[in-house]
Amino acid sequence: MTETSATRPADFDAYWAAVDDELSTYPAAPTLEALALPSDEYSTVYAAKITSIGPYRIFGYLSVPKAEGKHPGLLIAPGYGSVNHLPHLDDRQRYVTLVLMHRGQRLADQPFAAAYPGLLTLGIDDPASYIFRGIVADCLRGAEFLLSRPEVDTSRVGISGNDLALITAARRPGFTAVQASGLLFHRLMEARERSDAYPVEEVNDYLRASPDKAGAVARTLSYFEPANHVSTLNATTLFNGGGAGVQSLMDAIPGTVERYEQTHEGGTDHDWADAWMARQLGSVPKPRLWEVA
């Protein structure tokens, strides 16, 4: 029988309450260092360090517009890979932007450096030891940090990213808008049977070496299945693509949900997503494709 990662565990709430309790024992203790090179006439960019569970010091690039007053906030959740980049100039002009690096990623890789491939299955046979328990905590701490910034208009805060964006917005209710794309954890145990592409194939590699652990892996992944989180997600949510399988996830969200079918024309898709987020946060679009008169 196919093991599933979609079933909500009986102790799901207790598991995540324990993460919140652990986070509460560690003050964020943020430090900010202004970075002269990426800062410009529009914004000041800072290297931010914040304490998450462990304790572990995580990193982020925080950019703050130089215009007076409060500004919309935007959290760029970490993707699956070793490097996250500086906030884009277009975002730095409009939003207080935090690009977050979770434990193991570049600039947050001391004392732990993540391996790719390999991170997806690190500790995966036990939800207590799974690396993504700490990674989700890092994202929650990043959200708390951004929402606490005095420069942020907390009535206008967005988040973009993969499942981590959905989970973070569901567990920290201060977000106005969510953009989700490139989902990884949604029905992962089923997805692995239809794909040999990485990073999904990391789960297949793991289970080829340890076939007796399929049930344990499915159980661990059920704590990270976004459908088990989003019943509390009230932010307006946009799914960029996702295929037919994303519909059940959309149906589980009580707030307003939209879906954009990607054209796979980079500029067109970028400009649509940019305009959507700007509209949600009361800002102005920054298209990369110029209209020809």
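Structure notes:
- Helix 266-280 axis, angle to the chain major axis (alpha carbon atoms, nearest 10°): 80 degrees
- Set of lysines with alpha-carbon distance to Lys66 below 19 Å, sequence-local pairs under 8 removed: Lys286
- Residue order for Phe59, Phe12, fewest other beta carbons within 10 angstrom first, comes to Phe12, Phe59.
- Projecting the Cα positions of Gly242, Tyr116, Ala34 onto the charge dipole of the chain (unit charges on Cβ atoms of Lys, Arg, Asp and Glu, taken about the Cα centre) puts Ala34 furthest along the positive direction.
- Student exercise, the chain dipole from Lys, Arg, Asp, Glu Cβ charges, in Debye to nearest 20: 500 debye
- Karplus-derived 3J(HN,Hα), 6.51/-1.76/1.60, for each residue of the stretch 28-39, Hz, glycine and proline x: 4, 6, x, 10, 10, 10, 5, 10, 5, 5, x, 5
- Under 14 Å from the Ala252 label point (7 Å along Cα→beta-carbon), backbone N, the stretch 5-27: 5-10, 12-13
- Extended-chain gain in nm, criterion 0.36 nm per residue less alpha-carbon gap, Arg279 and Asp153: 43.9 nm
- Comparing Ala14, Ala278, Ala218 in a Gaussian network model of the chain (Cα springs below 10 Å), the most mobile by mean-square fluctuation is Ala14.
- For the chain, the longest principal axis of the C-alpha atoms and the axis of helix 200-209 are separated by about 30°.
- Ranked list, fewest to most other Cβ atoms within 10 Å of each Cβ, for Thr237, Thr263: Thr263, Thr237
- Percent of Cα-Cα distances greater than 34 Å, calculated over the stretch 12-280: 15 percent
- On Cα atoms only, tilt of 131-148 relative to the major axis of the chain in degrees: 20 degrees
- Sorting 33-41, 144-152 by their mean Cβ neighbour count within 10 Å, with the most densely packed peptide first, gives 144-152, 33-41.
- Gain on full stretching of the segment that runs from Arg259 to Arg106 - 0.36 nm per residue minus C-alpha separation: 51.9 nm
- The length gained on full extension between Glu41 and Asp21, counted as 0.36 nm times the residue separation minus their Cα-Cα distance, comes to 3.1 nm.
- Counting beta carbons within 10 Å around each of Trp272, Trp16 and listing the fewest first gives the order Trp272, Trp16.
Every read-out reported here was derived from the displayed coordinates using simple, explicitly stated rules and does not represent laboratory data. What you see is a predicted model; the values in this text were computed from it and never measured. When we count neighbours, we look across all protein chains shown, and the Cβ atoms used for this are built from the backbone with ideal geometry, even at glycine.
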